[in-house]
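The values are calculated or read from the model by the stated rules, or taken from the named source; none is laboratory data. Keep in mind the model is a prediction, meaning the values are calculated, not measured. Note that each Cβ is placed from the backbone with ideal geometry, even for glycine, and that neighbours are counted across all protein chains shown.
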Amino acid sequence: MSAMTTDLVIRPVDPRDEDAIRAWTALSTAVVEHEIGDSGAMWTAPEMIAVLQNPPNNRHELIFNGTVDGELVATGWITLPQLDNLRSADLYLGVRPDHRRKGYGTQVLALLETVCAEHGRTILSALTDWPYDGSPDGTGAPGVEFGKVHGFEFALGDVQRELPLPADEVRLKELAAEAAPHHSDYELRSWTGPVPDDIVLSYLELSATLATEAPTGDLEVENAAVDVEAHRSAERVLAEQQRTPWHTVALDRDGRVVAYSDLIVPATDPKWVFQWGTLVAKEHRGHRLGLAVKVANLLALQAAGGLDGRRVVTWNAEVNEHMIGVNERMGFIAMARGGSLQKKLEE
């Protein structure tokens, strides 16, 4: 499929065309950095090549390049869940700042919506970023205002926080000691790499609920599917992307995972360490397990060495006061804002 207007040509990127993927990544990164500067975080070209060429079982990525007279000026990205949220799709689009207000973004979005509809996706979600000193609801932010014009509604505001490494180890150990008396009935286990077979099912049963246990605002979203084979395929893709996962879990007396925290270290982007999910099962809250697993995971990561100068980056819903409090006690600093927008197509 391709879409041609007066001067913009939008084409899907062939997963085998690594030069086109590198160009897509370079422009998409430049667009994010234009909005929030050095806090911009986008997949690297090797990460995108890996996931496009050998996708995991649980999601597929489609990317698009928009050119004018052969010059790349716009990009699009669709993520299609394959096992859950089968009416949903995640969208991203970017237009080179010096080529905005020419209708290119509108044309890319129209094509993305058409592709989503062809895949039976009618709930479209999109993320956008703006500086931290901007409005919490994104008023005036280019991405938010663009979305509103095209039928998207602002659903949830996030804050991006960062923690430069090395983190204050004394502070982290004090926090760990503070939490320890509250979770004496639980075992903390930390490791790097795939989730061990003996706990993978209970890990997935908990982590699959993150989408709905974390604040969702006005977003319509379902829990992830619990599928060990799909999880293993996602771990395979992480390895191909040269991303190393670090995990800490809390186990109850039956050996079930009741809390977890994940960090991802990308080998191809020396600027970041990504804080992924942290969650405590409802019936096990009140034991400082969220603080305990986050601190233990970061201490284990830092003990391995070699990451000084990177920044741990995390995103929290503006209304998630508890997790924000945990992050700020660990030393995270607010650096940028983001928002989730959603649109429902007519079925």
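Quick notes
- For the stretch 130-145, the candidate set comprises residues that are assigned to a loop (DSSP other than H, G, I, E, B) and at negative phi; within that set, the residue that is surrounded by the most Cβ atoms within 10 Å (Cβ to Cβ) is 141.
- Sole residue being surrounded by 13 or more Cβ atoms within 10 Å (Cβ to Cβ) and of a type outside the set (D, E, K, R), chosen from 181, 164: 164
- Of the helices (runs of 4 or more DSSP H) entirely within the stretch 183-289, those holding at least 1 residues that are modelled with pLDDT of 95 or more and farther than 20 Å from residue 317 by Cα occupy 200-207, 228-240.
- Qualifying residues in the stretch 276-327 (those that are within 20 Å of the chain's Cα centre (by Cα) and among the acidic types (Asp, Glu)) - the one farthest from residue 154 (Cα to Cα): 321
- Any hit, the stretch 209-220, residues being under 21 Å from residue 280 (Cβ atoms) and crowded, with 19+ Cβ neighbours inside 10 Å: no
- Residue 243, sole failed condition from (1) out of contact with any Ser or Thr (no Cβ under 6 Å at 6 or more places or on another chain); (2) under 22 Å from residue 285 (Cβ atoms); (3) of a type in the set (D, E, K, R); (4) buried (at least 17 other Cβ atoms within 10 Å of the Cβ): (2)
- Residue selected from the stretch 1-59 under the condition more than 17 Å from the chain's Cα centre (by Cα), at pLDDT 95 or above and in a loop (DSSP other than H, G, I, E, B), by the criterion surrounded by the most Cβ atoms within 10 Å (Cβ to Cβ): 13
- Selection count where residues are surrounded by fewer than 22 Cβ atoms within 10 Å (Cβ to Cβ) and more than 9 Å from residue 243 (Cα to Cα), scope the stretch 263-278: 7
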